[in-house]
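> I'd like to ask you about the structure that follows.
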Amino acid sequence: ENVGSTLRILVATDCHLGYLEKDEVRGFDSFDTFDEICSLAEKNKVDFLLLGGDLFHENKPSNSTLVKTIEILRHYCMNDRPVHFQVVSDQAASLQNRFGQVNYEDPNYNIGLPVFTIHGNHDDPTGVDNLSTNDILACGNFVNYFGKTDLGCTGVGKGETHVALYGLGNIRDGRLNRMLHEPHAVNWIRPEIQDETPDSDDWFNIFVLHQKRTKGSSIDAVSELLLPRFLDLVIWGHEHECLIDPQEVPGMGFHITQPGSTIATSLANAEAKTKHVLLLEIKGMEYRPTKIPLQSVRPFEYAEVVLEDEVDVDPGDETTIHMHLHKVVSNLIEKSRGKSARGSKPKLPLVRIKVDCNGLSTINLKQFGQKYLGKVANPQDILLFTRSGRKRQTTQESCKNSEELCPGDLNQHTVEAHIAESNLIR
């Protein structure tokens, strides 16, 4: 294999740096995983690290979060390792910085691991100057921030391999949906033919975006069927479920990879899957994807329980309900022990049990979780109560969906937990 023509890219999305930074147990989780991602980029000798938005959890992260992030980037990105690819397009047109060039070409900096990133909905530009924390990192030469204002491509070349990298930072899903439906509302700029570059049909086209995804027609999401057919690979950020194996879109001619988040920001079933990053090796018009599981992610176990279907639960005896749920929690904790994060000290697991308590009284969540202090990372919200509505009548008949709670069941905790469960807060 001609390694000189193989472009190696490590892809990650939705790192959410700073998530729960004030939590005594989970405050460093996002940074531990981002450190591992950068170390994997170094270990696999990739040409660059590509991030698909939501690098930060907050639009205006704290000083602590910003310092920790810069420390990691400085440790892994600034070194004497040579960079073996060129950006052959108009850099000033596609990069959001006043210097008009990628950071590794600045003679005043030694950048051995270039980072390219778009913004997500959590770290999007705001204010009069339309700036975000990504602009701060770009100004400090830590990242190459693109996809902020247009769909222009960044042309990357290595040997005989040429990649057209399109980026689109998050905008309102409904707005983008309407624009993609309107003729000429979105213009895709194909690579120009130059003496040292091939015809546009010989470029490998990658599109990275950060939007709500749908396979059908929805006004508040973006359909993959609206994307242009000349694309070869789409990297989809924003969705936290890890569907990282590239899947072909029937009739469109391109594949989609959805890496998912690198940290669980909602205790939902989709986030309980193993977290991964993707190693892309591109040579000419062919590519090889390799998914790499993240070892530093806090273990997360999820289960669903329908109390009225459990033989050892007496609807009139709250003691049997407690005993059954405690047994489920204990089993999940035991299951998590084989999935402990890397490092000398195993991380306490996250545990979530979705409990269908139809016809039964709910439990005091804080009192229930007291038993698991020091045993799980989230003792205050282990249980999420729902009601299926199978035996309810009159006004309760409006709560037909198993995800719904009737007005009498609501409190601040259940509202917040229910929103996180339903919407996979991203």
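The values are calculated or read from the model by the stated rules, or taken from the named source; none is laboratory data. Being a predicted model, the structure only gives us computed values, none of them experimental. All Cβ positions, even for glycine, are placed from backbone atoms using ideal geometry, and neighbour counts span all protein chains on display. These accessible areas exclude ligands, DNA and RNA; they are computed on the full protein's heavy atoms, side chains included. Shrake-Rupley method; radii C 1.70, N 1.55, O 1.52, S 1.80 Å.
> What's the total number of residues in the range 239-250 that are in contact (Cβ under 8 Å) with a residue 12 or more places away in the chain, within 27 Å of His162 (Cα to Cα) and in a loop (DSSP other than H, G, I, E, B)?
1
> Here is a follow-up. Tell me which residues, restricted to the range 1-54, are buried (at least 20 other Cβ atoms within 10 Å of the Cβ) and at positive phi.
Of everything in the range 1-54, those that are buried (at least 20 other Cβ atoms within 10 Å of the Cβ) and at positive phi turn out to be Asp14, His16, Gly18, Gly53, Asp54.
> Conditions first: (1) out of contact with any Leu (no Cβ under 8 Å at 6 or more places or on another chain); (2) crowded, with 23+ Cβ neighbours inside 10 Å. Ala264 passes all but one, so which condition is the exception?
In the conditions (1) out of contact with any Leu (no Cβ under 8 Å at 6 or more places or on another chain); (2) crowded, with 23+ Cβ neighbours inside 10 Å, Ala264 misses (1) alone.
> Kindly list, by first and then second residue, each pair from a residue in the range 20-38 that is farther than 14 Å from Pro293 by Cα to a residue that is open to solvent by less than 10 Å² (accessible area, probe 1.4 Å) and among the acidic types (Asp, Glu), limited to pairs with Cβ atoms under 8 Å and residues at least 6 apart or on different chains.
Every condition considered, no pair remains.
> Across the range 280-298, which residue is farthest from Phe85 (Cα to Cα) among those that are out of contact with any helix residue (DSSP H, G or I) (no Cβ under 8 Å at 6 or more places or on another chain) and in contact (Cβ under 8 Å) with a residue 40 or more places away in the chain?
Going through the qualifying residues, I end up with Lys291.
> Within the range 179-195, can you find the residues that are at pLDDT below 85 and among the charged types (D, E, K, R)?
Glu192, Asp195
> Where in the range 23-138 are there helices (runs of 4 or more DSSP H), lying fully within it, with 2 or more residues that are farther than 28 Å from Lys275 by Cα?
Fully inside the range 23-138 and qualifying: 91-94.
> Among (1) over 25 Å from Val234 (Cα atoms); (2) open to solvent by 40 Å² or more (accessible area, probe 1.4 Å), where does Gly140 come up short?
(2) is the only condition that Gly140 fails.
> Restrict the check to the range 42-49 and report whether at least one residue is among the charged types (D, E, K, R) and free of Cβ contacts under 8 Å to residues at least 60 places away in the same chain.
Within the range 42-49, one or more residues are among the charged types (D, E, K, R) and free of Cβ contacts under 8 Å to residues at least 60 places away in the same chain.
> For the range 267-296, enumerate the residues that are of a type in the set (Val, Ile, Thr), open to solvent by less than 10 Å² (accessible area, probe 1.4 Å) and over 16 Å from the mean Cα position of the chain (by Cα).
Ile282
> Right, something else. What residue, of Val83, Val88, Val102, is more than 23 Å from Ser296 (Cα to Cα) and buried (at least 23 other Cβ atoms within 10 Å of the Cβ)?
Answer to the selection: Val102.
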